[in-house]
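These notes are about the structure you will find just below.
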Amino acid sequence: MARVALVTGGTRGIGAAIAKTLKAAGYTVAVNYGGNDEAAQKFTAETGIKAYKWDVGDYDACAAGIAKVQAEVGPIDVLVNNAGITRDGMFHKMTKDQWSAVIRTNLDSLFNMTRPVWEGMRDRSFGRIIVISSVNGQKGQMGQVNYSAAKAGDIGFVKALAQEGAAKGITVNAICPGYIGTEMVQAIDENVLKTRILPQIPVGRLGTPEEIGRCVAFLASDDAGFITGSTLSANGGQNMA
Ligand code: CAA
């Protein structure tokens, strides 16, 4: 039987590429999304992958959504916590709403999504939890105190939970993408991107969502069974942590 993978924020950007890569690798894939119905319908029409709508910042919605996916698709073997947002701004201008929205979606979501699948993975003695953190969680980024804090928190979550899962056949790993050519990065002021960010990337270009998809497929595979608690950097050389 094909393993079942659930990807949050899976209808656009990096998440969509992850979902497509896992499907091509033979997984039965379901995706979650937060709000953009049009993008979700388009994604499902293109890929045949079912998309389920709920807010990853809401624990009860996650528990209910996961129960629905497991009833319709099967027990989740691979969970990819990818959903994330930015609310960039210099700290002296940052509002409490900008702070809270990012912590909720990018960090609270890890508890909300992983807790409801964890016991099943322990019972079945197999699981893969893959968290999409960020280069900016490793190195910090001006204008992103909220995002960098949440993404650094993601890495702590992975390192602690990996120790709990290891004896139960569950691996827990983080991927830290650098700047990838998605809507999120296209939203950065063009001048900032050109003059401040691109020159810091030795490979000389943005990454592609597919490059992150292939990292996920590797960490999900049996070949990666000895890798847990790790942080895989895919950033074009921007940060060598
Ligand atoms: N590196 C170095 N300097 C930067 C910088 C950066 N990444 N971003 C801004 N600056 C500089 C600006 O050039 C400017 O310098 P000068 O005054 O000398 O011109 C100064 O900081 C203030 O910046 P702004 O004038 O742009 O200030 P603002 O208040 O209008 O905007 C901001 C602030 C919204 C944070 C804007 O600067 C910005 O969007 N910066 C980019 C932040 C960023 O990198 N976000 C990543 C989003 S993608 C993502 O998060 C995915 C991922 O995981 C990698």
For the stretch 90-226: rounded, prolate or oblate by the Cα gyration tensor [a/c cutoff 1.5]: oblate
When the chain is modelled as a GNM with alpha-carbon springs shorter than 10 Å, which of ALA40, ALA187, ALA16 fluctuates the most? ALA187
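Between MET90 and VAL73, what length in nm is gained on full extension when 0.36 nm per residue of separation is reduced by their alpha carbon distance? Mind dumping the intermediate values first?
On the way: separation 17, 0.36 × 17 = 6.12 nm, distance 4.29 nm.
The span from MET90 to VAL73 would gain 1.8 nm if fully extended.
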With +1 on each Lys and Arg Cβ and -1 on each Asp and Glu Cβ, and nothing else charged, work out how big the dipole of the chain is about its Cα centre, in Debye to the nearest 20. 300
Any idea which of SER134, LEU22, GLY35 is furthest toward the positive side of the dipole for the chain, if Lys and Arg beta-carbons carry +1 and Asp and Glu beta-carbons -1? SER134
Among all the lysines, which ones have a C-alpha under 26 Å from LYS194's C-alpha, if same-chain residues fewer than 8 places away are not counted? LYS93, LYS139, LYS151
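What FRET efficiency would be calculated for the residue pair GLU190, ILE227, taking the C-beta separation as r and a Förster radius of 35 Å, to the nearest 0.05?
Numbers: r = 37 Å, r/R0 = 1.07.
Efficiency, from the Cβ-Cβ distance: 0.40.
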Looking only at lysines whose Cα falls under 22 Å of LYS42's and that sit 8 or more positions away or on another chain, we get LYS20, LYS23, LYS50, LYS53, LYS68
Can you tell which of LEU107, LEU161, LEU79 shows the greatest fluctuation in a Gaussian network model of the chain with Cα springs below 10 Å? LEU161
State the Cα centre-to-centre distance between the stretch 37-65 and the stretch 133-167 in whole Å. 24
Stretched fully, the stretch from ALA24 through GLU38 gains (0.36 nm per residue minus C-alpha distance, one decimal, in nm) 2.7 nm
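Read-outs throughout are calculated quantities, based only on the coordinates presented, and are distinct from any laboratory measurement. Values in this document were obtained by computation on a predicted structure and should not be read as measured data. Cβ atoms come from the backbone with ideal geometry, glycine included; neighbour counts cover every protein chain shown.
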